[in-house]
């Protein structure tokens, strides 16, 4: 297990298209988080899962965004009808229950909407 | 919700000198405060964290102090080295075996001058 893996690393898409990102967490981690980071800012929380249950969604996550973690392992984040304002780094992180407060982040997917 | 403010946004120090980065938080219920280091183009990595039941924690050249009354916490790096150059993010959360969502500060770009 080499850590949290995110694919693709980069994605360029035209405005209005749909995109999907994938995150593979560390295998024994039951919590999985999605964050968005824009240039010069800290990561902003989007949503998180405990196993397959999506426990919280940020108000930042509009109806165009949906995240799933169907079997409690990998997760996908889909953005429908992309807008230029969606351009950002999308970071996934994972952790193991309440006793491990340290997240392990993935390298992120950089989305550019043109 | 929680709001975390971080200062300064940029910091330059001579190699060998100390660097201090400060953060304030708004929610007095917050009880877990990690610090992340992000090098250019890389993932954020946890470097140290502190829980609200202690006032200070040290790990080699890095220390974090917490003042619950004033609701602020600081990162101290001593004997700085060129490899300490990076963006540093503080974060806070209410950690109660449930929601581990982190609220991040806006980051401090630290430059170590050789």
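Each value in this text was obtained by applying a stated rule to the coordinates, not by laboratory testing. This is a predicted model, so every value here is computed, not measured. Note that each Cβ is placed from the backbone with ideal geometry, even for glycine, and that neighbours are counted across all protein chains shown.
Quick notes on this one:
- Calculated FRET efficiency for the pair residue A:27/residue A:78, C-beta based, R₀ 22 Å, to 0.05: 0.40
- Alpha-carbon Debye profile of the protein assembly as shown, log10 I(q)/I(0) at 0.10, 0.13, 0.16 Å⁻¹: -0.46, -0.77, -1.12
- Overall Cα dimensions of the stretch A:30-78 - principal axes, largest extent first, Å: 34, 22, 16
- The GNM of chain A, with springs linking C-alpha atoms under 10 angstrom apart, assigns the highest mean-square fluctuation among A:40, A:16, A:72 to A:40.
- Compactness of the stretch A:1-82, expressed as Rg and Dmax over alpha-carbon positions, Å: 12.9, 37
- Among A:63, A:86, A:24: highest mean-square fluctuation, GNM of chain A, C-alpha pairs under 10 Å: A:63
- Simple label model, 7 Å out from Cα along Cβ direction - residue B:7 to residue A:18, nm: 4.7
- Inter-centroid distance (Cα atoms) of the stretch A:1-61 relative to the stretch B:51-70, Å: 30
- DSSP bridge pairs, chain A: antiparallel proportion in percent, nearest 5: 90
- Normalised Debye scattering of the stretch B:16-98 at q = 0.11, 0.18, 0.27 Å⁻¹ gives log10 I(q)/I(0) of -0.29, -0.75, -1.39, counting only Cα atoms as equal scatterers and leaving out solvent.
- Residue mean of other protein chain beta carbons inside 10 Å, A:38-46: 5
- Residue of B:38, B:81, B:60 that the Gaussian network model of chain B assigns the largest fluctuation, springs spanning Cα pairs under 10 Å: B:60
- The label-point distance for residue B:56 and residue B:78, in a model that sets each label 7 Å from Cα toward Cβ, rounds to 0.9 nm.
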